[in-house]
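The values are calculated or read from the model by the stated rules, or taken from the named source; none is laboratory data. Quick caveat: nothing in here was measured; it's all calculated off a predicted structure. For neighbour counting, all protein chains shown are included, and Cβ atoms are generated from backbone atoms with ideal geometry for every residue, glycine included. For accessibility, only protein heavy atoms count, side chains too; no ligands or nucleic acids. Shrake-Rupley method; radii C 1.70, N 1.55, O 1.52, S 1.80 Å.
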Amino acid sequence: QVQLVESGGGLVQPGGSLRLSCAASGIIFIIYNMGWYHQAPGKERELVAVITRGGSTNYADSVKGRFTISRDNALNTVYLQMDSLKPEDTAVYYCNGGTIGSPGAYWGQGTQVTVSS
């Protein structure tokens, strides 16, 4: 049974930081490309950042220079370090994992991030 379990969300003031974690089980993590998406109320789910199995990264323009995605293959975990947070970053953040043969196959349950003073 595949599980992606996010943690680390919460309420933070503008300019603050949070680190999200996504622990994976039931998959051979090292071969998976992993990503973070977010979905704000009334909006579609959007890609925030992705890290390939080889460690290459890519970011949405809105978070470049502020967010950093990383992975620890020994812990089967992917992280999203979020700095200089803005109110418009408020959303539910979802972890996603997939392979070349099954891109984006698995989703976590999501974790709420709220940026507000």
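Would you please give the residues with an amide H less than 5 Å from that of ALA105, counting only those at least 5 places away or on a separate chain, with H modeled from the backbone geometry?
Under 5 Å from the amide H of ALA105: GLY97, GLY98, THR99.
Report the label-to-label distance for LEU11 and ASP61 in nanometres (one decimal), using points 7 Å from each Cα along the Cα→Cβ vector.
In this crude spin-label approximation the distance works out to 3.4 nm.
Are there any GluC sites (Glu not before Pro) in region 4-109 that are in a DSSP loop and have at most 14 other Cβ atoms within 10 Å? List them by number.
Of the GluC sites (Glu not before Pro), the ones in loops of region 4-109 whose Cβ has at most 14 other Cβ atoms within 10 Å are GLU44.
Just tell me the longest site-free run in the chain, where the sites are trypsin sites (Lys or Arg not before Pro) in a DSSP loop having at most 13 other beta-carbon atoms within 10 Å.
The longest such stretch corresponds to 65-117.
When the accessible area of the chain is split by element with a 1.4 Å probe, what percent falls to carbon and sulfur?
Taking all protein chains in place, the chain shows 48 percent carbon and sulfur surface.
Each residue of region 48-59 in order: what ³J(HN,Hα) in whole Hz does its phi give by Karplus 6.51 cos²θ - 1.76 cosθ + 1.60, θ = phi - 60°, with x for Gly and Pro?
9, 7, 9, 10, 7, 5, x, x, 6, 10, 8, 9
Can you list, largest first and rounded to whole Å, the semi-axes you get for region 4-117 by taking the square root of 5 times each eigenvalue of its Cα gyration tensor?
23, 13, 13
Assigning unit charges at the beta carbon (Lys, Arg +1; Asp, Glu -1) and nothing else, what dipole magnitude in debye, to the nearest 20, does region 22-117 show about its Cα centre?
Result for region 22-117 is approximately 120 debye, rounded to the nearest 20.
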